Amino acid sequence: MYDIIVIGAGHAGVEAALAATRLGSKTLLLTINLDSVAMLACNPSIGGTGKGHLVREIDALGGQMGLLADSVTLQSKMLNKAKGPAVHSLRIQADKYQYHDTTKRLLEEEPGLTLRQAEVEALTFKDGRLSGVMARGGLHFEAKSVIIASGTYLRSKVFIGHEVIDIGPAGLKNTKKLSAQLEELGFELMRFKTGTPARIHADSLDYSELTLHPGDEEIVPFSFMNDKLEIDQIDCYLGYSNLTTHQLIQDNIEHSAMYSGNIEGTGARYCPSIEDKITRFADKDRHQFFLEPEGLKTKELYVQGMSSSLPESVQEAFLKTMDGMKAVEVLRPGYAIEYDCINPNQLKLSLESKLVEHLFFAGQVNGSSGYEEAAAQGLMAGINAHRKLQDEEPIVLKRDQAYIGVLIDDLVTKGADEPFRMMTSRCEYRLVLRQDNADIRLTPIGREVGLVSDERWERFQAKQAIREAELQRIETTNLKMDQINPLLESIGETPVNENVSIKNLLKRSKVDYALLGPIDQTRGDIPPEVLSGIEVEVKYKGYIDKQLKQIERFQSLESKLIPEDIDYHSISGLRIEARQKLADRRPENLGQASRISGVNPADLSVLLIYLETKRRV
Amino acid sequence: MDVIVAVASSYVEAAIGVIRLSGKGVMDIVAPLFRGSDLRQKPRELVYGHIVEGERVIDEIMAVYLPSPKTYTTEDMVEIFCHGGRVALEEITSAMVRAGARPARPGEFSERAFLNGRIDLSQAEAVMDLVSSKGRKSYEVALAHLAGDTKQLISDMRYDLLHLMARLTLSIDYPEEDEPEITYGEIEQTMDQTISLLERLLKNSDKGKSLLEGIKLAIIGRPNVGKSSLLNRLSGLDRAIVTDIPGTTRDTIEQAITLDGIPFVLIDTAGIRESADVIEQMGVERSIKAMEQADITVLVLSADDPLEEEDIYRLRRLPEKSLVVLNKIDREPKLHPADLHEYIPAERVIATSMTEAIGLAELEDKIVEQSFGLGGDDTLPLIGNIRQIHELSEALKSARDARAGIDRQEAYDYIEVDVRNAYEHLGRLIGEEASGDILQEVFANFCVGK
């Protein structure tokens, strides 16, 4: 008898299983194939805009992805460095095979966690209550809770040209029976689609036609547990398609699975295949591709930007027309894959399903896309499945607390009409949800939950102490006018006419810690990320305050909970449209209600009054 | 809870008008605008003073500070008693809004009173009705009041901002794509356009102050053709004495009414009948004078009476913004609409019967139609509702913040924050969902994604 069973050992399943186990639940992690644990099925890369924030947050809460990524980094880049610190985003190239090996080993060694290969065919119920899962071959595993993290494996189909292949990703087996049961239980299944490009041989390229893309000189690790990473970085390369490529694809477009009529799934707009790109943006005379290494022990390169479901022969032909690829050797073709996912409207913010108690869902099966999005949901599902068994309130991160909060709220409240990818523009409180302060925002929560180790907690507290002291110091330390002015003049800033505190100097847009270095004698040995965090908060105080004010307003609605048994149809003041929408979505609080389209401010006022009448009765 | 403000009395002309404010920090907003002894020192006492903004004295008032919790909403409140009439009420309310108060939603004072436990459960339903039905109605009226071209203008402005946000988002969320980065120059151009349009719109709503005070509507015509009945019908009030004896309207009456959300001041000009000659003289003189003062003139004729010389005199002098009401069509007609065509286009003639309530709706519509384009820049629509003006000024504030960010060469993600705020305020103004799909715009226009 287990406490929790996790179905699927991808990025969601891994975080869910580790979190549940570490919190003390006896956990069983089932995977359809042990060789695909934590597989980076698409890009051999982790992080990027928005996604990098998620990884930092997972780490700050005590999750695994940041540490794993740091341990297999081949190249690292902080994106958006020319922009504001709120959108600096970390992305690494990861060794796909090492990522799998390391994770699998970690799971095998985790005390209290059982990892096992088995194909789950059904959920089991006893006396109307979820009791475990039945796997192929009559294996019955009992548990109090189940987390489904089935990724793209449910009734998946792979498409290459006119061929429809009855398999899961990367040639692995798919699974069919669970979908039918979910439908019987009342889950609304949707078909989503995604795709991947071909992998090619690194030695078959003419590098003189490609642009070198090296990593950053200084690596910022994902995990707050790591001060620095010192590795020899591997290069990526950039090249372009051309009009010949596009003509060739155009000539063969009817052979693309996309146009075969076989695909019913909805693809993501932000993940277009090369066929899509040349069709929708016919006026562009080139499309770029990045060549990313799949690992140290392989010559395979991932051709980012060229995902395709054309027949193998056409894929090879069009690749050959592109920069540096005249003699390209294709190692595996690209393909499109279609799979079942549930409508995430049927979930609570805790990721427990509204239909079946103790049944949680996480990752791509919820309509999201991406390793990081999956891992973030897995972590929260693992935490909340465990807490539910302990009779504890779920941990629901709010939109003003974390990208994870935005991700889950968007999915659950708005639903997904295409695979959901995290983006910084989805966050209305972006300026306060920075990757540099993920630990300040979330490590105390992780500690409270029980996932933050003593070691991590001590590191965090030490860093906080340094931060507090430095904030104090810059406020009280004045620099001398005659020392400041030459520096200010050197950057074309207006000079000062008195001694000025470091804090006031930092408020100027062009003044930073680096500039003041030579005259700032009392500065201690402070980690650069602490300095940059302080710099941001001082310099952008005006902007940040504006957001904090918005957050205050946001919170007042967010804290008003709506009872689960509310009968919207009996509230006379609500418009019909609002009643229907609310009854359908069943929001958990007024804030969530306010984000449902078709619910207007007057409806919210009515709800607010109604809730108050119920409270007083 | 933020501080809300609203006019508590009616806008209809009265000796005294009442404005209420409620919320924590209410005195921080009122005190700087109040010249008189310190309200805080005399809670629950009426204090004499003036509302002053900068150097400008807006009105002479009495005010009372009601500290929490023994108030209607249980929050700190201030009530201001000013001169009646639209001008004082609107000006004081606007000044409070500029100082940081938010125009209350309909029923919001009662909503707060209820939520704070001041109103008992039995009245919950009534409060709910107030915020839902009344709120919705006023919202809809306000929206409907935005003429199609205003809505279009603001929609266009929003689209420009949406496109700008899409470009900024593209640069933020897709830093490595093969799409041209937006430049400060491009952002500046869009923001400058937005700012100048918003400034003109706002100035127009200032210039259109006459709109806030009421559009002057003169009702002229011979005695006993139905001018006073018309006034009563329009105002729904029995203010002018109406009888069948000619000349019973004792004085020129000013009456404030609202048609379709637009305030009008009705000027009724009737005469004192002493001798036939004098009347004619006076009636015509009065008519001419009223027409000069008015923004819109309504000439009332009686259908059971053929045109007299006096009528023709008035008809010939009708200004561009005018209507002719052919009243008493329930009686045997001696005057037909066709008889008037040489003086005024047919679409500006409305046949009515005040006693049978015929043609009134059409008349109201025509009056509202005549009011378009009055008082302000004719090329720009007027925005008169205080909540709409509030959103407009907030949008302008955000747009200016964005502009200042460009001058400081702030990173794009900071500028985007202000652009987004401006966009959302304009959305609230025209009642469109604030979100708008930026990402939709990104993916529709740019080829990004792996």
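The values are calculated or read from the model by the stated rules, or taken from the named source; none is laboratory data. What you see is a predicted model; the values in this text were computed from it and never measured. Cβ placement follows ideal geometry from the backbone for every residue including glycine, while neighbour counts extend to all protein chains displayed.
Here A:ASP203 passes the criteria (1) surrounded by 13 or more Cβ atoms within 10 Å (Cβ to Cβ); (2) not in a loop (DSSP other than H, G, I, E, B) except the one numbered (1).
Taken over segment A:153-185, the criterion of being closer than 24 Å to A:LEU113 by Cα and among the β-branched types (Val, Ile, Thr) is satisfied by A:THR175 alone.
Residues of segment B:404-444 being small (Gly, Ala, Ser) and over 18 Å from B:GLU186 (Cβ atoms), which ones? Those that are small (Gly, Ala, Ser) and over 18 Å from B:GLU186 (Cβ atoms): B:GLY427, B:GLY431, B:ALA434, B:SER435, B:GLY436, B:ALA444.
This table checks each residue for (1) more than 10 Å from every other protein chain (Cβ to nearest Cβ); (2) part of a helix (DSSP H, G or I); (3) on the phi < 0 side of the Ramachandran plot.
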| site | (1), (2), (3) |
| --- | --- |
| A:GLN521 | yes, no, yes |
| A:ILE526 | yes, no, yes |
| A:GLU577 | yes, yes, yes |
| A:ALA583 | yes, yes, yes |
| A:GLU612 | no, yes, yes |
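Please verify whether segment A:547-558 includes one or more residues that are farther than 30 Å from A:ASN478 by Cα, within 13 Å of another protein chain (Cβ to nearest Cβ), surrounded by fewer than 18 Cβ atoms within 10 Å (Cβ to Cβ) and touching a Leu at 6+ places or on another chain (Cβ under 7 Å). There is at least one residue in segment A:547-558 that is farther than 30 Å from A:ASN478 by Cα, within 13 Å of another protein chain (Cβ to nearest Cβ), surrounded by fewer than 18 Cβ atoms within 10 Å (Cβ to Cβ) and touching a Leu at 6+ places or on another chain (Cβ under 7 Å).
Kindly indicate whether B:ARG40 is closer than 17 Å to A:SER605 by Cα and surrounded by fewer than 21 Cβ atoms within 10 Å (Cβ to Cβ). So B:ARG40 does not fit the description; no.
Only a single item in (1) among the basic types (Lys, Arg); (2) assigned to a loop (DSSP other than H, G, I, E, B); (3) closer than 30 Å to A:ASP391 by Cβ is not met by A:LYS83, and it is number (3).
Evaluated against (1) outside any strand (DSSP E or B); (2) within 28 Å of the chain's Cα centre (by Cα), A:SER208 falls short on exactly one condition, (2).
Against the test of being buried (at least 24 other Cβ atoms within 10 Å of the Cβ) and either more than 21 Å from A:GLU558 (Cα to Cα) or assigned by TED's automatic domain parsing to the domain that holds A:GLU352 (or both), the options A:LEU407, A:LEU411, A:LEU397, A:LEU389 yield a single qualifying residue, A:LEU407. Scanning segment A:188-198 for residues that are assigned to a strand (DSSP E or B), surrounded by fewer than 20 Cβ atoms within 10 Å (Cβ to Cβ) and charged (D, E, K, R) returns a single hit, A:ARG191. Inspect segment A:221-234 for any residue being surrounded by fewer than 20 Cβ atoms within 10 Å (Cβ to Cβ), more than 30 Å from A:LYS81 (Cα to Cα) and in the same structural domain as A:ASP59 (by TED's automatic domain parsing) and give the result as yes or no. Checked segment A:221-234: no residue is surrounded by fewer than 20 Cβ atoms within 10 Å (Cβ to Cβ), more than 30 Å from A:LYS81 (Cα to Cα) and in the same structural domain as A:ASP59 (by TED's automatic domain parsing).
Summed over segment B:173-193, residues that are crowded, with 18+ Cβ neighbours inside 10 Å, away from chain A (no Cβ under 14 Å) and farther than 21 Å from B:GLN440 by Cβ total 1.
Tell me the strands (runs of 3 or more DSSP E) entirely within segment A:102-173 that contain at least 1 residues that are in the same structural domain as A:TYR259 (by TED's automatic domain parsing) and more than 18 Å from A:ALA41 (Cα to Cα).
Working: elements: A:113-117, A:120-126, A:129-135, A:139-148, A:157-160, A:163-165.
Because the criterion is at least 1 residues that are in the same structural domain as A:TYR259 (by TED's automatic domain parsing) and more than 18 Å from A:ALA41 (Cα to Cα), the strands (runs of 3 or more DSSP E) in segment A:102-173 that meet it are A:113-117, A:120-126, A:129-135, A:139-148, A:163-165.
For segment A:256-287, which positions are surrounded by fewer than 18 Cβ atoms within 10 Å (Cβ to Cβ) and more than 17 Å from A:GLU418 (Cβ to Cβ)? Hits for segment A:256-287 are A:TYR259, A:SER260, A:GLY261, A:ASN262, A:THR279, A:PHE281, A:ALA282, A:ASP283, A:LYS284, A:ASP285, A:ARG286. Can you find even one residue in segment A:24-43 that is within 14 Å of another protein chain (Cβ to nearest Cβ), in contact (Cβ under 8 Å) with a residue 40 or more places away in the chain, polar (S, T, N, Q) and touching an Asp or Glu at 6+ places or on another chain (Cβ under 9 Å)? For segment A:24-43, residues within 14 Å of another protein chain (Cβ to nearest Cβ), in contact (Cβ under 8 Å) with a residue 40 or more places away in the chain, polar (S, T, N, Q) and touching an Asp or Glu at 6+ places or on another chain (Cβ under 9 Å): present.
Return only the number of the condition from (1) out of contact with any strand residue (DSSP E or B) (no Cβ under 7 Å at 6 or more places or on another chain); (2) of a type outside the set (Phe, Trp, Tyr); (3) modelled with pLDDT of 95 or more that A:VAL412 does not satisfy. The failed condition is (1).
Residues in segment B:24-37 that are buried (at least 22 other Cβ atoms within 10 Å of the Cβ) and either closer than 15 Å to B:PRO69 by Cα or under 23 Å from the mean Cα position of the chain (by Cα) (or both): B:VAL26 only.
For segment A:483-492, indicate whether the set of residues that are within 23 Å of A:ASN437 (Cβ to Cβ) and of a type outside the set (Asp, Glu) is non-empty.
If we filter segment A:483-492 for residues that are within 23 Å of A:ASN437 (Cβ to Cβ), which is where we start, we get none.
Within segment A:483-492, not a single residue is within 23 Å of A:ASN437 (Cβ to Cβ) and of a type outside the set (Asp, Glu).
Sub-9 Å Cβ pairs linking a first residue in segment A:420-434 that is more than 9 Å from every other protein chain (Cβ to nearest Cβ) to a second residue that is of a type in the set (Asp, Glu) and surrounded by 23 or more Cβ atoms within 10 Å (Cβ to Cβ), at least 6 apart or interchain, are A:PHE420/A:GLU373; A:MET422/A:GLU372; A:MET422/A:GLU373; A:LEU433/A:GLU57, ordered by first then second residue. The residue that is modelled with the highest pLDDT, among those in segment B:113-142 that are crowded, with 22+ Cβ neighbours inside 10 Å and over 24 Å from the mean Cα position of the chain (by Cα), is B:PHE114. Just so you know, in segment A:597-610 the residues that are farther than 24 Å from A:SER350 by Cβ and among the polar types (S, T, N, Q) include one that is nearest to the other protein chains (Cβ to nearest Cβ), and it is A:SER605. Taking helices (runs of 4 or more DSSP H) as the structural unit, those lying wholly within segment A:222-332 and holding at least 3 residues that are more than 14 Å from chain B (Cβ to nearest Cβ) correspond to A:243-251, A:312-320. Only one of the listed residues (A:SER572, A:SER594) is under 30 Å from A:SER353 (Cα atoms), within 12 Å of another protein chain (Cβ to nearest Cβ) and within 29 Å of the chain's Cα centre (by Cα). That residue is A:SER594.
Restricting attention to segment B:407-423, the residues that are buried (at least 22 other Cβ atoms within 10 Å of the Cβ) and either more than 9 Å from chain A (Cβ to nearest Cβ) or in contact (Cβ under 8 Å) with a residue 24 or more places away in the chain (or both) total 8. Would you confirm whether any residue within segment A:370-385 is outside any helix (DSSP H, G or I), closer than 29 Å to A:THR27 by Cα and touching a residue at least 12 places away in the same chain (Cβ under 8 Å)? Yes, segment A:370-385 contains a residue that is outside any helix (DSSP H, G or I), closer than 29 Å to A:THR27 by Cα and touching a residue at least 12 places away in the same chain (Cβ under 8 Å). When the test is whether a residue is in contact with a Gly (Cβ under 8 Å, 6 or more places away or on another chain), surrounded by fewer than 20 Cβ atoms within 10 Å (Cβ to Cβ) and farther than 29 Å from A:GLN547 by Cα, A:SER453 passes it. Looking across segment A:405-420, the residues that are farther than 19 Å from A:ALA438 by Cβ and not β-branched (Val, Ile, Thr) come down to A:LEU411, A:LYS414, A:GLY415, A:ALA416, A:ASP417, A:GLU418, A:PRO419, A:PHE420. When segment B:286-311 is limited to residues that are out of contact with any Gly (no Cβ under 9 Å at 6 or more places or on another chain) and among the charged types (D, E, K, R), the one that is modelled with the lowest pLDDT turns out to be B:LYS289.
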